[in-house]
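Chemist: Can you read through this structure? Questions will come right after.
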Amino acid sequence: MNLIENKLKTIIIEAIDKTFSYQVNMDDVVIEIPKDKLHGDYATNIAMRLAKQLKQKPMDIANALLPMFLNNSDFITNVEIAGPGFINFTLCNERLADIITVVLKAQDDYGRSDSGKHVRVNLEYVSANPTGDLHPGHARGAAMGDSVARLMRFAGFDVTSEYYVNDAGNQINNMALSLQARYFQRCGVDTPIPDDGYNGPDLIAIADKLYLEEGSKYLSIDKEESLPFFRSYGLQEELNKLKSDLELFRVKYDVWTSEQSIYDRDLVAKVVQKLKDADMTYEFEDALWLKTTLFGDDKDRVIVRSNGLYTYLTPDIAYHIDKFERGFDRLVDFLGADHHGYINRLKAGVLALGYNKDQIEIDIIQMARMIKDGAEFKMSKRTGKAVALKDLIEEAGVDAVRYYFANRAADTHMDFDLDMAVKQANDNPVYYAQYAHARVCSILRSGKDYPTASFYDGLNHPKEIDLLKHINEFPVVVSDAAITRQPHKICNYIQKLASMFHSFYGECKVLDEDNVVLSQQRLALVSAVKITLKNALNLIGVDAPERM
RNA sequence: GCGCCCGUAGCUCAGUUGGAUAGAGCGUACGCCUCCUAAGCGUAAGGUCGCGCGUUCAAUUCGCGCCGGGCGCGCCA
């Protein structure tokens, strides 16, 4: 996993065992890189943590361990005890530089791990209704979901990304009716959009397309009779748009599942029967209720209405059960915070059929509040009042938009100023990181004729040591970000790496014909920076340009 | 009213299973290209970590109570 830290942990565990005859696990040893360089390269608080168990003062424990560490002088060059009982290590520079060999060998795979143990995970995100264009509010979920999918794959999870298409509810009927009205309008027949209809410009465009293809053919057909056509035509067009917009945003799904197909495969009736058999339901006022309160919900929920129709929840439970039956060990959903009240009832439906709490996890992504002309701008597919994601991407660029959203923790309530988005795109920290990559590439181009270094004993400048230690951290950061599903941790890592490189660049001249030995070693370090930076950017779906 | 989330620099946000002097970007002030890309580097100013109590050797971090903001509480989807 991590060359340096694992070795240090092993030494610490051995020292504790030999000194106190006390066994400590790898996970109990916390190693950190101190903020202040005066505190060495790495530090541990193990003496403080063991104080209670060993019934000794932290300082006494640390002092007792000290001689054991000095036995490893080929690896540890200095040990100091400081503050309330921290043990600070200064390591041999050449051992730190060993990471370069590792990175150059691994290339695109540097940072990859098997932390996920090939657990089969289904990741569902966005799943916006196919009734209008994606808008910037969806971008956060898309950037998060896709980045987490990339992260988890890199960390050894077996990930399938999935989009659930809500094509069975009455919102699709409303879309069909609205499209029909737009088509009639296009044919010159004044037809109002229904009250619950969709007024977005997307349906006007789809009606135009249909008119171009088929002329006024459907004008003469009975409206009720032609509705299924408008429904399927509109659905197909909306879906195609969803797919191409997401692809433009570099978000690809492995599987698209339609809600209608869940009905068609008779999975909904089956799941209702299963819930009945499990004694998880009861009838009340002509409706069938699910006992979701048994699993932490506020109140029980209707799954079959008194009119015989299902609620939205019922096929969704069936859908999630079907995912398990397709062989997934774990289901992860990303849900907008406006749907957080839905979490418990969906989980309850799954748990009611015997699945485990650890098998279904629903992450909330907080709302990104849109600001326009200094005030909140509520987007709505119904009124058609919205800015299309596609337009935003075209103006601000995929990299800037993706980075902007990936850079924030999911539980942050954030404001997204639509007027400033394009203006601020140039100030986006993503360019700082991309520029570092372009600079790296430029150096490597200029230094391509230098011989390859085989050892790195000359790398001892503080800026070089910083880089080596940070590069060494990458695999740990990746698996942590993957397991906690927090891509912003990768952004933090990227900013720090770029900052360290820019600082190094200012102080250390890489190419120097009068000192070829140092130059070739620094070139190797720069190569390692390039590989690490590129791999990190790729995890959040951002390009690593060779030139800028 | 009940539930979930948030409150850290002028603004947008980080803060590593609780750790040493709380950080970054943007903005502000002042320096730095005869040298590998100045989309950069360096220095400085800017904070009662919403408020209070508790747990701990140690709290921005954990618990409880307030205050302020967002969202949700349909036999809609």
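The values are calculated or read from the model by the stated rules, or taken from the named source; none is laboratory data. Remember, predicted model here, so these are calculated numbers, not experimental data. Using ideal geometry, Cβ is built from the backbone for each residue, glycine included, and neighbour counts are taken over all protein chains shown. What goes into the accessible areas is simple: the full protein's heavy atoms, side chains included, and nothing from ligands, DNA or RNA. Shrake-Rupley method; radii C 1.70, N 1.55, O 1.52, S 1.80 Å.
Chemist: Quick check on A:ASP208: is it within 22 Å of A:THR383 (Cα to Cα) and at pLDDT below 95?
Modeler: Considered against the rule, which asks whether it is within 22 Å of A:THR383 (Cα to Cα) and at pLDDT below 95, A:ASP208 comes out as no.
Chemist: Hey, could you check segment A:116-143 for residues that are in a strand (DSSP E or B) and either free of Cβ contacts under 8 Å to residues at least 40 places away in the same chain or open to solvent by less than 10 Å² (accessible area, probe 1.4 Å) (or both) and say which is nearest to A:GLN486 (Cα to Cα)?
Modeler: First, the residues of segment A:116-143 that are in a strand (DSSP E or B): A:120-124.
Checking which are either free of Cβ contacts under 8 Å to residues at least 40 places away in the same chain or open to solvent by less than 10 Å² (accessible area, probe 1.4 Å) (or both) leaves us with A:121-123.
Details: A:VAL121: 16, A:ASN122: 17, A:LEU123: 14 Å.
My answer is A:LEU123.
Chemist: Criterion first (within 14 Å of A:LEU518 (Cα to Cα), of a type in the set (D, E, K, R) and away from RNA strand B (no atom under 12 Å from the Cβ)) does A:ASP449 satisfy it?
Modeler: So A:ASP449 fails the test.
Chemist: To continue, here is another question. Could you pull out every one of the strands (runs of 3 or more DSSP E) wholly within segment A:359-424 that has 3 or more residues that are near RNA strand B (Cβ under 10 Å from one of its atoms), in contact with a Lys or Arg (Cβ under 8 Å, 6 or more places away or on another chain) and in contact (Cβ under 8 Å) with a residue 24 or more places away in the chain? Explain how you work it out, then say what you get.
Modeler: Details: elements: A:360-365, A:368-372, A:414-417.
So the answer is A:414-417.
Chemist: Right, something else. So which residues in segment A:154-178 are within 11 Å of RNA strand B (Cβ to nearest atom), surrounded by fewer than 20 Cβ atoms within 10 Å (Cβ to Cβ) and not in a helix (DSSP H, G or I)?
Modeler: Selection gives A:ASN166, A:ALA168, A:GLY169.
Chemist: While we're looking at this one, here's another question. Quick check on my filter: what residues within segment A:346-358 are in a helix (DSSP H, G or I), at pLDDT 95 or above and either away from RNA strand B (no atom under 16 Å from the Cβ) or more than 19 Å from A:ASP298 (Cα to Cα) (or both)?
Modeler: The one that is in a helix (DSSP H, G or I), at pLDDT 95 or above and either away from RNA strand B (no atom under 16 Å from the Cβ) or more than 19 Å from A:ASP298 (Cα to Cα) (or both): A:LEU351.
Chemist: Restricted to segment A:18-65, and to residues that are more than 40 Å from the chain's Cα centre (by Cα) and charged (D, E, K, R), which residue is nearest to RNA strand B (Cβ to nearest atom)?
Modeler: A:LYS57
Chemist: Also, quick follow-up: Working carefully through the options A:ALA205, A:ALA181, find the one that is open to solvent by less than 10 Å² (accessible area, probe 1.4 Å) and without any contact (Cβ under 8 Å) to a residue 24 or more places away in the chain. First the steps, then the outcome.
Modeler: On the way: A:ALA205 fails: open to solvent by less than 10 Å² (accessible area, probe 1.4 Å).
Going through A:ALA205, A:ALA181 in turn, just one is open to solvent by less than 10 Å² (accessible area, probe 1.4 Å) and without any contact (Cβ under 8 Å) to a residue 24 or more places away in the chain: A:ALA181.
Chemist: Cβ-Cβ under 9 Å, sequence separation 6+ or interchain: first residue in segment A:322-344 and at pLDDT below 95, partner more than 16 Å from RNA strand B (Cβ to nearest atom) and open to solvent by 40 Å² or more (accessible area, probe 1.4 Å). Which pairs?
Modeler: Listed pairs, sorted by first residue: none to list.
Chemist: Now for a separate question. Taking only segment A:284-315 into account, find how many residues are touching a residue at least 40 places away in the same chain (Cβ under 8 Å), in contact with a strand residue (DSSP E or B) (Cβ under 8 Å, 6 or more places away or on another chain) and part of a helix (DSSP H, G or I).
Modeler: Residues in segment A:284-315 being touching a residue at least 40 places away in the same chain (Cβ under 8 Å), in contact with a strand residue (DSSP E or B) (Cβ under 8 Å, 6 or more places away or on another chain) and part of a helix (DSSP H, G or I): 2 in total.
Chemist: Out of the residues in segment A:476-517 that are in contact with a Gly (Cβ under 7 Å, 6 or more places away or on another chain) and within 7 Å of RNA strand B (Cβ to nearest atom), which is least open to solvent (accessible area, probe 1.4 Å)?
Modeler: In this case the residue turns out to be A:VAL510.
Chemist: So, A:GLY111, is that one open to solvent by less than 20 Å² (accessible area, probe 1.4 Å) and outside any strand (DSSP E or B) or not?
Modeler: Answer is yes for this residue.
Chemist: Moving to a separate point now. When the residues of segment A:229-258 are filtered to those that are open to solvent by less than 60 Å² (accessible area, probe 1.4 Å) and acidic (Asp, Glu), which remaining residue is nearest to the chain's Cα centre (by Cα)?
Modeler: A:ASP245
Chemist: If you don't mind, there's one more thing I want to ask. What pairs come up if the first residue lies in segment A:63-86 and is open to solvent by 70 Å² or more (accessible area, probe 1.4 Å), the second is part of a strand (DSSP E or B), and their beta carbons are under 6 Å apart, counting only those six or more places apart or on different chains?
Modeler: What qualifies is A:THR77/A:THR90; A:GLU80/A:ASN88.
Chemist: Which condition breaks for A:GLY200 when tested against (1) closer than 26 Å to A:ILE365 by Cα; (2) modelled with pLDDT under 95; (3) within 14 Å of RNA strand B (Cβ to nearest atom)?
Modeler: Status for A:GLY200: all satisfied but (3).
Chemist: Kindly list, by first and then second residue, each pair from a residue in segment A:441-466 that is assigned to a loop (DSSP other than H, G, I, E, B) to a residue that is open to solvent by 70 Å² or more (accessible area, probe 1.4 Å), limited to pairs with Cβ atoms under 8 Å and residues at least 6 apart or on different chains.
Modeler: That search, which allows pairs on different chains as well, returns A:ALA453/A:VAL517; A:PHE455/A:GLU94; A:TYR456/A:GLU94; A:ASP457/A:GLU94; A:GLY458/A:VAL517; A:HIS461/A:GLU507.
Chemist: While we're here: Taking A:LEU537, is it under 25 Å from the mean Cα position of the chain (by Cα), more than 8 Å from RNA strand B (Cβ to nearest atom), open to solvent by less than 30 Å² (accessible area, probe 1.4 Å) and not charged (D, E, K, R)?
Modeler: Criteria met by A:LEU537.
Chemist: Taking segment A:271-322 only, how many residues are open to solvent by less than 60 Å² (accessible area, probe 1.4 Å), within 7 Å of RNA strand B (Cβ to nearest atom) and among the charged types (D, E, K, R)?
Modeler: Count: 1.
Chemist: Taking A:VAL430, is it more than 6 Å from RNA strand B (Cβ to nearest atom), at pLDDT 95 or above and in a helix (DSSP H, G or I)?
Modeler: Here the answer is no, as A:VAL430 does not meet what is asked.
Chemist: Next up: Residues of segment A:186-197 being in a helix (DSSP H, G or I) and either out of contact with any helix residue (DSSP H, G or I) (no Cβ under 7 Å at 6 or more places or on another chain) or at pLDDT below 95 (or both), which ones?
Modeler: The answer is none; no residue qualifies.
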